[in-house]
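All remarks here apply to the structure that follows.
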Amino acid sequence: MRKVLSIFVVLTLVLGSFALAFGQVAVPGDVSGTTYQDAVTDLMEKGVISGYPDGTYRPEGTITRAEACLIVVKSMNPPAAAITDATQSSFTDLVGYDWAKPYINYAAANDVISGYP
């Protein structure tokens with residue numbers, strides 16, 4: 001968890017340094033008025049995170065490896081075709097994570113992550 005939090009903080013700082021124009025997004029209620037609000041809003045505006053289907057962000061919750069991978073890959077801003085084309089996978093533990101497979105495969109193909117030897 002500490003490593004994931006560190007990655008999140010680093011990504012927030014790095015992505016915060018880019019001067020890009022993005023539309024305003026609605027701040028999830030569970031983030032509004034908290035110390036997480038600016039970082040979450042910034043990452044949502046950049047399209048790196050979108051929260052959960054129920055409209056929450058759950059800033060105190062833990063994230064899965066798949067969610068962490070998605071955040072890292074989206075922060076890299078690869079072309080959409082590169083994500084779609086990333087179909088090769090050697091990971092056997094992705095059952096139930098169809099939504100994350102393209103991002104995980106892209107990360108593995110670009111040496112961002114690796115599995116057990």
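Values in this text are rule-based calculations from the coordinates and carry no lab data. Just so it is clear, the model here is predicted, and its values are computed rather than measured. Backbone-built Cβ (ideal geometry, glycine too); neighbour counts: all protein chains shown.
Taking a sphere under 13 Å around the Cβ of Arg58 and counting the other residues whose Cβ falls inside, with K and R at +1 and D and E at -1, yields a net charge of -4.
Taking other Cβ atoms within 10 Å as a rough exposure proxy, Ser114, Ser89 sort from fewest to most as Ser114, Ser89. In order along the range 67-84, phi translates into HN-Hα couplings of 5, 4, 4, 4, 4, 5, 5, 4, 5, 6, 6, x, x, 4, 5, 5, 5, 4 Hz, rounded to whole numbers, per the Karplus curve 6.51 cos²θ - 1.76 cosθ + 1.60 with θ = phi - 60° and x for Gly and Pro.
Other residues lying with their Cβ under 14 Å from the Cβ of Ala108 contribute a combined charge of -1, Lys and Arg counting +1, Asp and Glu -1.
Packing here is the average count of other Cβ atoms within 10 Å per residue, and on that basis the peptides 57-64, 98-105, 38-45, highest first, run 38-45, 98-105, 57-64. The label-point distance for Asp54 and Ser32, in a model that sets each label 7 Å from Cα toward Cβ, rounds to 1.8 nm.
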